[in-house]
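Here's the structure, in structure tokens; my notes come after.
The values are calculated or read from the model by the stated rules, or taken from the named source; none is laboratory data. These figures come from a predicted structure and were not determined experimentally. Positions of Cβ are generated from backbone atoms using ideal geometry, with glycine treated the same way; all protein chains shown enter the neighbour counts.
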Amino acid sequence: MATRYRFLHTLYQEVLYDRIPGRRRTLLHQRIGEREEQAYGARTSEVAAALAVHFERGREYHRAVAYREHAAQHALRQFASQEAIEHLRKGLALLQTLPETPEHTQQALTLYVTLGTELLMTKGHAAPEVVRAFTQAQALCLQVGDSQQHFLVLFGLWCAFCGQADWQMSRTLGEQLLTVARHTLDPPLIGVAYYALGTTLLCSGELWQARTYLELGDTSYTGQAPYAHPLTQALSVHCFTWTAITLGLLGYADQALERGQVALQSAHTRSHPFSLAHALLIVAVLHQVRREAHATHTQAETAIALCAAQGFALYLAMGTILRGWALTRLGQGSEGIAQIRQGLDAWVATGAEMHRPYFLGLLAEAYGHVGNIDEGLRTLDEALALVEAAGERWWEAELYRLKGELLLPSVDREHEAGDFLLHVEEASACFWRALDVARRQHAKYLELRAAISLSRLWQRQGQRSPIPSLLAEAYAWFREGFDTADLQEAKALLKMRSLNF
């Protein structure tokens, strides 16, 4: 009965509203908007959405645009991204009805930057809507000449090109960001520029240079208030996380985890859901690199819950992939592979190409874990083709090592067919390629893994040299991370070698 009453009441309201003459309705909306504006005074943000509707229907479009912007900002403070996006789109549509003036151009620029930011977080870095929003903003920047807005637009475009795995354009934009940031003399903005360049270099496999820029970014943020815009306000968290990944690959496993924990603590302190999701996922990647399935699963599960609640499509896909890898390692092979594939499909559906070689590497490893060697090798060939096409090389050494590992079961399978030596040579070539790539990138952790794989292969063939000395040399470099699975395995292999002599 109550539901029926409300329905009829709404119908009556609509009928009565429609009977008011058009000009009268317009005037009433104007007056209601003005009275509420006066009544709320400095608290108009609380009713900005209602004021926007009144002024829009009252044909006061310039005021309606302003209140759409206020309503969007109010929604963002409540982390209501979808509501904010709706207000921003309506504000931009209203601006199309107004004459072109410097004031309206500035409003459009602000709305496009904010819209692009929210779409980036909800739809994903490379979503077509994100690219359109920041491209429109870039065109408006030429008319406005605001250096800080220009910086935000460049950063939004950098995010989009990263999402598309266009690392050459990402580097160009990173260098432009640093030039603009240095011109503003704003330390947080300089930190963002260092973050952009450092992340680009990391993904390109230039780990040593990446560490330099990312640690400069960390230093730029220290003791500074975060920049107010949502796109950059919590990027100190992002900088810490990618510094952690870089340190881990370079062989500083303990420092990497410490930096990851700093990122998590910072994200919790800032109460910024997008950055918290990012920190959770990158720490999950750290644990995955260390082959810690339980910790990877825990971090991924927490991130998935947060991303599902906030509507972070890209990060939700990443969490699903990482959880799938962990499940495979924890004995749930079929379910794990299904989740990795599901996550990869969702990742690609957003338009994203970045990190696909890494994710495909996880899928190939999962196939190998359940004995599906042929599918694993096919997946690795796809991943390595993407490495060559796009130039994302930070996981390249591990892809070659994994290929060698998956070829080794074929050694036993094809032994009777007389292909033993052929498979051994191919697997050995993959391990040597992995070692060469890791050394070129200064990726000591991945270099150790390649040396372990070579050592196991030679041990399998009953040969001792020259690989044992190679493994000993790789192991001797490390000063931390001795609790990781790889360093423990290397230690065990070296001990076995000494016992066999």
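List the residue pairs whose Cβ atoms are under 6 Å apart, where the first residue sits in region 254-281 and is under 23 Å from L487 (Cβ atoms), the second is of a type outside the set (A, V, I, L, M, F, W, C) and not in a helix (DSSP H, G or I), and the two are 6 or more positions apart or on different chains.
D254/E480; D254/G481
I'd like to check something: does region 120-136 contain any residue that is of a type in the set (S, T, N, Q) and touching a Leu at 6+ places or on another chain (Cβ under 7 Å)?
Within region 120-136, none of the residues are of a type in the set (S, T, N, Q) and touching a Leu at 6+ places or on another chain (Cβ under 7 Å).
Are any of the residues in region 355-370 at pLDDT 95 or above, over 19 Å from C307 (Cα atoms) and basic (K, R)?
yes
Answer with yes or no whether G351 is surrounded by fewer than 20 Cβ atoms within 10 Å (Cβ to Cβ), out of contact with any helix residue (DSSP H, G or I) (no Cβ under 9 Å at 6 or more places or on another chain) and over 17 Å from A305 (Cα atoms).
No: the conditions fail for G351.
Suppose we keep only residues that are among the β-branched types (V, I, T) and in a helix (DSSP H, G or I) within region 321-368. Which one would you say is farthest from A295 (Cα to Cα)?
Here the residue is V348.
When only residues in region 92-136 that are among the hydroxyl-bearing types (S, T, Y), under 22 Å from H70 (Cβ atoms) and within 25 Å of the chain's Cα centre (by Cα) count, which is surrounded by the fewest Cβ atoms within 10 Å (Cβ to Cβ)?
Per the stated criteria, the residue is T110.
So which residues in region 243-265 are among the polar types (S, T, N, Q) and either outside any helix (DSSP H, G or I) or surrounded by 22 or more Cβ atoms within 10 Å (Cβ to Cβ) (or both), if there are any at all?
Of everything in region 243-265, those that are among the polar types (S, T, N, Q) and either outside any helix (DSSP H, G or I) or surrounded by 22 or more Cβ atoms within 10 Å (Cβ to Cβ) (or both) turn out to be T243, T246.
Of the residues H294, H272, H238, which is at pLDDT below 95, more than 23 Å from R356 (Cβ to Cβ) and outside the structural domain of F79 (by TED's automatic domain parsing)?
After applying the criteria, what remains is H272.
Examine region 129-136 for a residue that is in contact (Cβ under 8 Å) with a residue 24 or more places away in the chain and of a type in the set (F, W, Y), and state whether such a residue exists.
Checking region 129-136: at least one residue is in contact (Cβ under 8 Å) with a residue 24 or more places away in the chain and of a type in the set (F, W, Y).
State whether one or more residues within region 403-424 are at pLDDT 95 or above, within 24 Å of the chain's Cα centre (by Cα) and crowded, with 19+ Cβ neighbours inside 10 Å.
Scanning region 403-424, I find no residue that is at pLDDT 95 or above, within 24 Å of the chain's Cα centre (by Cα) and crowded, with 19+ Cβ neighbours inside 10 Å, so the answer is no.
Going through V283, V262, V289 one at a time, which residue ends up being modelled with pLDDT of 95 or more, within 24 Å of W208 (Cβ to Cβ) and either among the aromatic types (F, W, Y) or out of contact with any Leu (no Cβ under 7 Å at 6 or more places or on another chain) (or both)?
So the residue among V283, V262, V289 that is modelled with pLDDT of 95 or more, within 24 Å of W208 (Cβ to Cβ) and either among the aromatic types (F, W, Y) or out of contact with any Leu (no Cβ under 7 Å at 6 or more places or on another chain) (or both) is V289.
Of all residues in region 59-118, which are outside any helix (DSSP H, G or I) and on the phi < 0 side of the Ramachandran plot?
If the condition is that a residue be outside any helix (DSSP H, G or I) and on the phi < 0 side of the Ramachandran plot, then E60, Q78, A80, Q96, T97, L98, P99, E100, T101 are the ones that fit.
I need a count of the residues in region 282-308 that are assigned to a helix (DSSP H, G or I) and either over 20 Å from E335 (Cβ atoms) or not aliphatic (A, V, I, L, M) (or both).
16
Just one of G361, G331, G324, G351 is at positive phi and touching a residue at least 40 places away in the same chain (Cβ under 8 Å); which is it?
G351
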